[in-house]
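Asks: I am attaching a structure below and will ask some questions about it afterwards.
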Amino acid sequence: MSKYYLRISSYNGPGMAVFGTNGVVIANNSPASADKGTDFGAVSYGRAMTNFFAVTNVGNEPLIISAVAT
């Protein structure tokens, strides 16, 4: 008879997920993608482009974002 072991681990703390313009989570270190809204494409000098991202706390404690830089 085989023995099976179940390992359960839990994480206590905040966790952050960033969603692209298509509503799908952007994986860490994923390449730029027009579908996800992470590839801004060609932007002419002096012009601006705006993309929106959703940031959500997927952890079980408060997520504190203290500084944002662009």
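Asks: Could you derive backbone 3J(HN,Hα) for region 17-23 from the dihedral phi with the Karplus parameters 6.51, -1.76 and 1.60 (θ = phi - 60°), listing whole Hz in sequence and x where the residue is Gly or Pro?
Replies: Ordered by residue, 3J(HN,Hα) equals 10, 10, 9, x, 5, 8, x Hz.
Asks: So if each residue of separation counts as 0.36 nm, and I subtract the Cα-Cα distance between Val43 and Ala27, what length gain in nm does that give?
Replies: 3.3 nm
Asks: Using 0.36 nm per residue, how much length does the chain from Thr50 to Ala34 gain when fully extended, once their Cα-Cα distance is taken away?
Replies: 4.5 nm
Asks: According to a simple spin-label model (label point 7 Å from Cα along Cα-to-Cβ), what is the distance in nm between Val68 and Asn12?
Replies: Going by the 7 Å Cα→Cβ label model, 3.0 nm.
Asks: Among 39-48, 26-35, 13-22, how do they line up from the highest to the lowest mean number of other beta-carbon atoms within 10 Å?
Replies: 13-22, 26-35, 39-48
Every number here is computed from the coordinates shown, using simple stated rules; none is lab data. In this text, all values refer to a predicted model and were calculated from it rather than measured experimentally. Methodologically, a virtual Cβ is constructed for each residue, glycine included, from the backbone with ideal geometry; neighbour enumeration extends over all protein chains shown.
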